[in-house]
Every structure is written in C-alpha cells, then in structure tokens.
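Okay, structure first, notes after.
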C-alpha cells in the first residue's frame with residue numbers, strides 16, 4: 001500500500017521504520033530539510049520537504065493515490081487540517097495524532113465525523129490504559145484483551161522458585177488446575193514459540209492465553225500477587241500520568257504525582273482534585289523517600305527521559321516496591337532495562353506504531369479472513385493477532401492436529417459464541433470463529449498465511 005506520513009519526529013520516524021518493514025511504499029513529509037535528508041539516508045522512502053497543510057506539497061507526495069495518510073506532527077490542529085486536506089485531495093484513509101485532552105474528552109467524535117477521519121490516535125491515553133490494566137493485576141508485565149474481557153494474553157516473569165520452573169509445557173495442564181496455553185517464551189534476548197517438550201526455567205518471561213478466571217486460578221496456584229495496586233506513585237506529570245490518574249482515582253486508588261514544573265503541578269491540582277500533587281524533583285531520592293516510596297504498591301516512572309526512568313525505577317525496585325512500571329521509548333534501552341530486572345516497560349511510541357500497523361494490516365486483508373486485532377508482545381519480538389474466520393477458509397472443521405502450520409506459529413485461542421476455547425489438537429475451526437494466532441518472524445495479513 002502507499003502510505004503518506006506527515007511529521008518525521010520521533011513518532012513519525014517510528015511509524016516510517018515499522019511500515020517500511022511491513023513492505024509498504026512510504027512517503028515522508030516534514031518541514032525540516034535536515035530531517036528529510038536524515039530520513040532519505042536511513043530509509044528506502046520518498047521524502048518531501050514542506051508543510052503538511054500545503055496542497056502543493058501533499059500533491060507532490062502523491063496523496064491522491066494514497067491508501068493511507070497519517071499526520072503525526074506535534075500539533076493536533078495541524079494534524080487534523082492535514083488529514084482534512086488529504087481526504088479532499090483523494091486519500092482513502094486518514095489518521096490523525098490528537099493528544100490534547102480538550103479534544104479527546106469533549107469533541108473527538110464530532111471532529112472525526114466532520115473531518116472524515118478514519119481514526120484518531122492518542123498514544124498517551126492508550127499507554128495509560130495499558131498501565132491501568134497491569135496495575136489491576138500487578139503480577140503481569142503486560143496484558144492484552146481480545147474479546148470483551150473473556151480472553152486475555154498476559155506476560156509474566158517466572159521466579160526461580162516458581163512451580164512452573166523446570167516443567168515441560170506438555171505436563172503443565174496436568175499439574176495446574178487451570179485451562180491455559182503458554183504461547184511464547186522470552187529467554188534472554190531470544191523468543192520461542194514453544195512446543196510441548198519445551199522446559200521452562202526461572203527468569204523466563206512467558207506469554208499465556210486464557211480466560212481471566214482461568215488466569216486467576218493459575219496465579220493462585222503460583223502464589224503470586226492478584227490484588228489491584230491501591231497506593232500508586234507516579235513520577236512525571238505527563239499526559240499519560242493524567243489519564244492514568246483519572247482511571248485510578250475512579251477505581252478508588254490513592255495517587256501521588258511528583259513533577260518539578262510548578263505550572264504543570266497547578267494544572268494537575270485543578271484537573272485531578274483527588275490526587276496528591278507534589279512539586280519537586282523526583283530524581284532526588286530523598287524526596288521519593290519522604291513521600292513514602294517504600295510504602296507504595298506501585299511506582300510508575302513517566303518522565304520524558306528514558307535514562308532517568310530506568311535509573312529511578314531501578315531505585316524503586318531496590319526499595320522493594322511490589323510493582324514498578326517504566327516508560328522507555330528507545331528500543332535499544334528496553335534490553336538494558338530488562339537486564340536491570342525492570343520487566344514492565346511501557347512505550348507510547350510503540351503503542352502508536354502498533355495501532356497504525358494493525359490498521360494497515362486490516363486494510364490489506366484478503367477475502368478469506370481478516371486481521372481484527374494485532375498486538376506486539378515480548379518487547380515487540382512477537383505478534384498476537386485475532387482473525388475473523390470466513391466460510392470459505394480452506395481448513396474449516398479439520399482437527400488442528402491434522403493442519404500443518406508454519407514454523408514459529410501457534411494457534412493460541414478460539415472464540416466461539418462468547419466462549420473462549422484454549423485449543424487442543426482435537427479442536428477445529430468453524431465459520432464465524434475468531435482465532436488468536438501467535439507468531440514470530442512472519443508478517444501475517446490473512447489467516448491463510450499461517451498454513452505451511
């Protein structure tokens with residue numbers, strides 16, 4: 001597909017990188033000549049120097065033939081106007097990055113309709129929702145919901161004394177009283193789609209699929225935390241912090257936000273009257289200790305500096321805070337954070353790229369079935385996809401044990417009439433099912449792509 005991206009800042013460049021890897025024809029537009037030169041040197045794309053609201057520039061970028069147009073500049077207003085002009089010039093689908101809470105809370109539906117937007121994306125709001133889900137189940141390092149909360153994929157790190165350590169996957173269902181499937185394992189920097197003979201060890205990060213009730217059964221048997229974090233400290237008064245605090249306060253949690261900007265603290269005090277807003281430099285360990293860091297159920301580090309987030313999260317871990325969540329945007333720092341024992345990493349930048357890639361995959365689907373949801377798991381090294389099954393899929397009503405799947409592909413779940421099925425070799429796929437597929441090393445556009 002032809003995709004035009006306006007705005008080549010950190011978010012725009014992340015989008016360019018992901019969409020080029022997906023095999024799309026990408027055109028980049030930015031007002032900075034230096035940035036355009038940099039993009040030209042790094043990526044195999046057409047790069048156009050100019051402003052995203054200039055009709056002549058957009059025509060030069062070929063917007064009239066664009067399957068998708070994404071406006072990802074730092075200005076909500078410019079993004080919306082760019083999308084409106086692109087749509088008028090002939091772009092098929094338009095996506096605007098809209099971050100201001102005034103738009104997101106009051107007028108978003110109206111604006112999307114009037115401007116003809118296919119989608120608006122707010123990475124900070126999406127990230128806040130991800131963090132909130134994790135704080136409801138602190139033993140998880142990542143959670144994705146596939147179907148109105150009746151089927152989830154969660155990531156956990158196995159402790160050395162975990163009852164799962166030393167077990168082969170084929171033996172787990174006999175030992176545990178829960179219906180679940182371990183669908184991916186990260187060991188060091190390697191990610192595996194395991195078979196039944198794969199043996200788990202302490203330190204492994206595992207991804208498992210199950211209904212929420214079955215997940216709770218498993219966690220109970222593993223003797224890990226299942227209670228929601230009630231006392232939460234947030235470092236950095238960002239947009240993500242605002243959205244997260246609003247959800248936490250509504251659920252009855254106590255929230256402390258620390259920020260060194262007096263103007264931002266005043267804004268947060270007015271917007272979040274139930275939160276404890278502290279003006280101060282959270283990089284000062286004495287301040288964190290004075291505000292009760294050691295007594296918190298969770299510490300969420302959301303400053304704009306990855307290095308600061310990693311170091312302060314490590315300090316919070318040393319104080320034995322039960323749950324530490326770290327914002328890290330640069331992928332090269334994720335591995336470093338993991339090596340320091342920081343396993344719950346949030347990246348608003350990766351969130352936005354996942355959403356756009358998912359949308360692009362859905363546009364590219366073929367007749368047999370299509371991608372309804374796509375999530376990156378295991379620090380972006382594997383994918384979890386939900387496909388709709390159409391009546392003309394070639395492998396209807398055939399036992400899964402008789403279907404030859406590609407390497408590093410696992411069918412991890414079947415959703416049928418609101419029922420979640422953790423599949424065995426005797427289960428079959430039926431028309432109308434929604435199936436969950438886990439894979440690594442493949443780009444999957446259609447359910448047929450999983451067949452060898």
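General observations
- Filter result (more than 24 Å from the chain's Cα centre (by Cα) and either farther than 15 Å from residue 402 by Cα or without any contact (Cβ under 8 Å) to a residue 60 or more places away in the chain (or both)) within region 422-432: 424, 425, 426, 427, 428, 429, 430, 431, 432
- Residue list for region 71-103, restricted to those being without any contact (Cβ under 8 Å) to a residue 40 or more places away in the chain and part of a strand (DSSP E or B): 94, 96
- Every residue from region 140-177 that is in a loop (DSSP other than H, G, I, E, B), within 17 Å of residue 379 (Cα to Cα) and in contact with a helix residue (DSSP H, G or I) (Cβ under 8 Å, 6 or more places away or on another chain): 140, 141
- Extreme residue, nearest to residue 381 (Cα to Cα), among residues of region 415-439 that are out of contact with any strand residue (DSSP E or B) (no Cβ under 6 Å at 6 or more places or on another chain) and in a strand (DSSP E or B): 420
- Pick from region 178-194, criterion in a loop (DSSP other than H, G, I, E, B) and out of contact with any helix residue (DSSP H, G or I) (no Cβ under 7 Å at 6 or more places or on another chain), ranking: farthest from residue 438 (Cα to Cα): 188
- Failed item in (1) closer than 23 Å to residue 244 by Cβ; (2) modelled with pLDDT under 85; (3) touching a helix residue (DSSP H, G or I) at 6+ places or on another chain (Cβ under 9 Å), with residue 98 passing the rest: (2)
- Just so you know, in region 322-343 the residues that are surrounded by 22 or more Cβ atoms within 10 Å (Cβ to Cβ) and part of a loop (DSSP other than H, G, I, E, B) include one that is farthest from the chain's Cα centre (by Cα), and it is 342.
- Scanning region 145-177 for residues that are under 15 Å from residue 224 (Cα atoms) and over 26 Å from the mean Cα position of the chain (by Cα) turns up 160, 161, 162, 163, 164, 165, 176.
- Condition met for residue 28 (assigned by TED's automatic domain parsing to the domain that holds residue 13, buried (at least 22 other Cβ atoms within 10 Å of the Cβ), within 27 Å of the chain's Cα centre (by Cα) and free of Cβ contacts under 8 Å to residues at least 60 places away in the same chain): yes
- Scanning region 394-409 for residues that are in contact (Cβ under 8 Å) with a residue 24 or more places away in the chain and more than 13 Å from residue 438 (Cβ to Cβ) turns up 394, 395, 396, 397, 398, 399, 400, 401, 403, 404.
The values are calculated or read from the model by the stated rules, or taken from the named source; none is laboratory data. Since we're looking at a predicted model, the values are computed, not measured. Please note: Cβ atoms are built from the backbone with ideal geometry, for glycine as well, and neighbour counts cover all protein chains shown.
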